[in-house]
2 protein chains.
Amino acid sequence: METSPHRISAAESEVMKVLWTDSPKPAEEVLAILAKEQGWAEGTVKTLLNRLLKKGAIAADKDGRRFLYRPLIGREDYVDAESQGLLDRLFDGRLAPLVSHFSKREKLNPEDVAELRRLLEKIDDGQ
Amino acid sequence: METSPHRISAAESEVMKVLWTDSPKPAEEVLAILAKEQGWAEGTVKTLLNRLLKKGAIAADKDGRRFLYRPLIGREDYVDAESQGLLDRLFDGRLAPLVSHFSKREKLNPEDVAELRRLLEKIDDGQ
DNA sequence: ACATTTCGTTTACATGCGTAATCGATGTCT
DNA sequence: AGACATCGATTACGCATGTAAACGAAATGT
């Protein structure tokens with residue numbers, strides 16, 4: 001583990017999520033979204049943006065008097081690291097045991113199952 | 001959700017893992033395993049056991065001069081909370097998008113696919 | 001030019017966490 | 001009984017995190 005210089009915390013990932021959805025964005029817009037979605041105060045968002053900058057997870061490009069923020073690490077990479085981490089910690093690194101777990105806990109409704117089945121078919125076609 | 005008063009941290013979950021594998025166990029045995037697997041010192045394991053006690057995640061039953069520790073929360077519940085948390089945060093709470101992600105990242109080998117297929121069949125039989 | 005607004009930067013602070021060392025009570029050996 | 005060993009409890013400490021306020025520089029309006 002310990003790939004990136006610094007890990008992205010839960011709160012920080014909310015900021016990343018905003019930037020992944022649409023960027024570049026000025027702090028003001030990021031704040032507007034997170035104030036609404038998370039109820040965070042301005043200072044909080046400022047801090048998180050700065051911590052992400054320090055961690056090298058985002059970049060800030062000067063645009064007149066303000067900065068425009070954009071992600072430097074890809075959402076896919078982040079999601080991948082998080083997912084793989086969970087699988088490694090809890091399911092021996094494999095996906096099937098996780099699915100099995102959900103099944104046992106009756107957290108799979110027929111639609112989920114159908115969707116998974118479609119996915120598998122598509123995968124088979126692809127190879 | 002949010003049953004337990006306090007969350008179990010990463011380090012603490014290693015202790016839980018030991019107790020889930022086999023319990024009850026005296027601190028000495030827990031230490032022996034974690035010293036080997038994680039390289040942790042005695043004090044570290046003692047602290048973690050105590051924090052877990054305070055959190056109500058484990059219990060300690062007096063056995064002569066020592067205590068025998070055993071988990072109070074089930075491994076299944078823990079795994080479930082962690083997994084669901086990840087799905088909620090990253091995949092809209094659903095399993096299929098996660099599988100899709102793994103597929104896109106080419107993290108599914110044919111064996112995984114076959115295993116998933118078997119699982120789905122079993123699930124269909126069951127319902 | 002000066003007051004005001006607007007941003008980003010710096011500082012703050014309580015918790016939680018990882019990682020231990022030390023203390024203290026109790027049991028054991030001689 | 002007194003010294004020693006054991007084991008849990010208490011205290012420690014730096015870094016991360018969530019949450020923010022205060023500060024300072026730059027742009028704008030008047």
| task | Output the residues belonging to the range B:55-76 that are surrounded by 12 or more Cβ atoms within 10 Å (Cβ to Cβ) and either free of Cβ contacts under 8 Å to residues at least 40 places away in the same chain or under 13 Å from residue A:83 (Cα atoms) (or both). | result | B:59, B:60, B:72, B:76
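Just need a number here: residues in the range B:33-42 that are surrounded by fewer than 15 Cβ atoms within 10 Å (Cβ to Cβ) and not charged (D, E, K, R).
Taking the range B:33-42 as the starting set, the residues that turn out to be surrounded by fewer than 15 Cβ atoms within 10 Å (Cβ to Cβ) are B:35-39, B:41-42.
Okay, now just the ones that are also not charged (D, E, K, R), so B:35, B:38-39, B:41.
Qualifying residue count, the range B:33-42: 4.
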| remark: the range B:1-101: helices (runs of 4 or more DSSP H) wholly inside it with 2 or more residues that are hydrophobic (A, V, I, L, M, F, W, C) and at pLDDT 95 or above are B:10-21, B:27-38, B:42-54
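Are any residues in the range B:104-123 facing chain A (nearest Cβ under 7 Å) and more than 25 Å from the chain's Cα centre (by Cα), and if so, which ones?
Of the range B:104-123, the ones facing chain A (nearest Cβ under 7 Å) are B:105, B:108, B:112-113, B:115-117, B:119-120, B:123.
Passing the criteria: B:105, B:117.
Just need a number here: residues in the range B:81-93 that are at negative phi and surrounded by fewer than 19 Cβ atoms within 10 Å (Cβ to Cβ).
Quick first cut of the range B:81-93, residues at negative phi only: B:81-91.
After this cut, where a residue has to be surrounded by fewer than 19 Cβ atoms within 10 Å (Cβ to Cβ) as well, the list is B:81-82, B:84-85, B:88-89, B:91.
Number satisfying all stated conditions: 7.
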| request: Run residue B:45 past the list (1) within 13 Å of DNA strand D (Cβ to nearest atom); (2) away from chain A (no Cβ under 14 Å); (3) touching a residue at least 24 places away in the same chain (Cβ under 8 Å); (4) open to solvent by 20 Å² or more (accessible area, probe 1.4 Å) and report the number of the one that doesn't hold. | output: (4)
| field | Members of the range A:72-88 that are under 20 Å from residue A:55 (Cα atoms) and either touching a Cys at 6+ places or on another chain (Cβ under 8 Å) or of a type in the set (A, V, I, L, M) (or both) | value | A:72, A:73, A:79, A:81
| message | Need the failing condition index for residue B:38 against (1) within 14 Å of another protein chain (Cβ to nearest Cβ); (2) out of contact with any Asp or Glu (no Cβ under 8 Å at 6 or more places or on another chain), just the number. | response | (2)
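The values are calculated or read from the model by the stated rules, or taken from the named source; none is laboratory data. Computed from a prediction, not measured in an experiment: that's the story for all the values here. For neighbour counting, all protein chains shown are included, and Cβ atoms are generated from backbone atoms with ideal geometry for every residue, glycine included. SASA here: full protein model, heavy atoms, side chains in, ligands and nucleic acids out. Shrake-Rupley method; radii C 1.70, N 1.55, O 1.52, S 1.80 Å.
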